[in-house]
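Taken together, the values in this text are just the output of simple stated rules run on the coordinates, not laboratory data. Since the structure is predicted, the reported quantities are computational estimates derived from the model, not experimental observations. Note that we place each Cβ from the backbone using ideal geometry, even for glycine, and neighbour counts take in every protein chain shown.
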Amino acid sequence: MVRAERWATVVYLAICLVLLVVWLSLPHDGPATDRSTMSEAEFRAGWRAMAGPDEGRTPVRVAGDDIYLLARQWTFAPDLVVAPNHRYRVHFLAEDVVHSAAIGGVELLLWPGKVETISLTTPGYGHLPLQCGEYCGLGHSRMSGSIEVAK
Ligand SMILES: [Cu+2]
């Protein structure tokens, strides 16, 4: 009896091992988060180029495939107009305290000075919700971004 239980355990563990190897060999897309290797200086150069001479005080129509959003108490800057059904790389940088970016069904924790990037496909029309999900001070509940989808 003890011998049979021992064999059952060995067979069970062998099956688990095979399933683990099969699972690890499958492609895993998961949430669309990338491991960003972008430095803060690269982010700021991209942000300045995207935001233009008025530094994002008016809504910015994004021209390329990269979006740069600064998170700071208590806004995401700048306001954006993006193309419909387009795949973007969205880069975030918190510049004062810890924030987060809840967008496209994922939430990224944003540590000051560390660039986080996700890949995101915009919807066909409407507005893409962006909200801070990490308490960051008195204005936290109002901290959202404005991303309009338009041709
Ligand atoms: Cu917040």
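Brief remarks follow.
- Gained length - SER119 relative to SER39, 0.36 nm times residue gap less alpha-carbon distance: 27.1 nm
- Local electrostatic count at VAL60 - Lys and Arg +1, Asp and Glu -1, tallied over other residues with Cβ under 14 Å: -2
- Ellipticity estimate at 222 nm from DSSP helix runs (n ≥ 4, -39,500 (n - 2.57)) divided over the chain, nearest 500: -8000 deg cm²/dmol
- The modelled label-to-label distance for the pair TRP111/VAL10, using points 7 Å beyond Cα in the direction of Cβ, is 4.6 nm.
- Applying 1/(1 + (r/R0)^6) with R0 = 30 Å to the Cβ-Cβ distance of SER25 and VAL98 gives a FRET efficiency near 0.25.
- If both residues of a DSSP beta bridge must be in the chain, then about 65% of such bridges are antiparallel.
- In the chain, the longest principal axis of the Cα atoms and the axis of helix 2-25 are about 30 degrees apart.
- Estimated inter-spin distance, HIS127 and ALA63, nm [label 7 Å along Cα→Cβ]: 2.8
- Gaussian network model of the chain, springs between alpha carbon atoms under 10 Å - residue of LEU17, LEU109, LEU128 with greatest fluctuation: LEU17
- GNM result for the chain, Cα springs below 10 Å: residue of HIS91, HIS140, HIS99 fluctuating most strongly: HIS140
- Contour minus Cα-Cα distance for VAL81 and HIS140 (0.36 nm per residue): 18.9 nm
- Cβ-based net charge around ARG72, under 11 Å, with every Lys or Arg adding one and every Asp or Glu removing one: -2
- Degrees separating the helix 40-51 axis from the principal Cα axis of the chain, which is the longest one: 50
- For the chain, fraction of C-alpha pairs farther apart than 20 Å, in %: 55
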